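Working notes, beginning with the structure itself.
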Ligand SMILES: CC(C)(COP(=O)(O)OP(=O)(O)OC[C@H]1O[C@@H](n2cnc3c(N)ncnc32)[C@H](O)[C@@H]1OP(=O)(O)O)[C@@H](O)C(=O)NCCC(=O)NCCS
């Protein structure tokens, strides 16, 4: 298994079945996916991408003075979940963004089902849960990155 930087399009083979199972591949594209500052990481196994995540250059309204990025599209193919791959990708993206881009804060809108996953990685919640139509309840979460 290796972690590598991939293009936004290369994330779609994981985003689609895991995050958008009943929707067309066009719905897998996020705003700023192709921005020069965006970073997409993939876990490769036998030549296939099996887990992905993306960091997008979107400031955090709750922490406007910290250099921040938004995490989106965090997904592991069903057959490979609960083996530690998602956590490895999260740790790697934190390391790269802190070192290469001096990012001080990562934030995301977590699906409620994934909240314990992020809490295990040191992410904190803030505010009430809210509903995203067609996807379900979410919670704002963040982590300050320390040198
Ligand atoms: C959330 C998600 C990305 C986590 O990816 P993953 O590769 O399964 O992540 P990990 O294996 O590192 O951790 C997941 C859980 O497995 C457990 N785990 C890790 N290694 C394990 C192992 N060897 N054996 C059993 N369990 C293990 C972790 O403790 C963790 O528990 P938690 O759910 O209580 O946090 C994945 O479940 C997923 O794609 N879910 C559907 C899409 C989704 O909800 N994405 C998040 C949107 S905000």
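Residues in segment 119-147 that are out of contact with any helix residue (DSSP H, G or I) (no Cβ under 8 Å at 6 or more places or on another chain) and part of a helix (DSSP H, G or I): 119 only. Of the residues making up segment 85-102, those that are more than 16 Å from the ligand (Cβ to nearest atom) and either part of a helix (DSSP H, G or I) or buried (at least 19 other Cβ atoms within 10 Å of the Cβ) (or both) are 96, 97, 98, 99, 100, 101. One residue stands out among those in segment 72-84 that are within 11 Å of residue 43 (Cβ to Cβ), within 6 Å of the ligand (Cβ to nearest atom) and touching a residue at least 12 places away in the same chain (Cβ under 8 Å): the one that is surrounded by the fewest Cβ atoms within 10 Å (Cβ to Cβ), which is 76. Of everything in segment 51-71, what is touching a residue at least 40 places away in the same chain (Cβ under 8 Å) and either within 8 Å of the ligand (Cβ to nearest atom) or in contact with a helix residue (DSSP H, G or I) (Cβ under 7 Å, 6 or more places away or on another chain) (or both)? Give them in sequence order. Correct list: 52, 53, 54, 55.
Would you be able to say whether some residue in segment 103-122 is more than 7 Å from the ligand (Cβ to nearest atom), surrounded by fewer than 17 Cβ atoms within 10 Å (Cβ to Cβ) and modelled with pLDDT under 95? No; the residues of segment 103-122 include none that is more than 7 Å from the ligand (Cβ to nearest atom), surrounded by fewer than 17 Cβ atoms within 10 Å (Cβ to Cβ) and modelled with pLDDT under 95.
The values are calculated or read from the model by the stated rules, or taken from the named source; none is laboratory data. Quick caveat: nothing in here was measured; it's all calculated off a predicted structure. Using ideal geometry, Cβ is built from the backbone for each residue, glycine included, and neighbour counts are taken over all protein chains shown.
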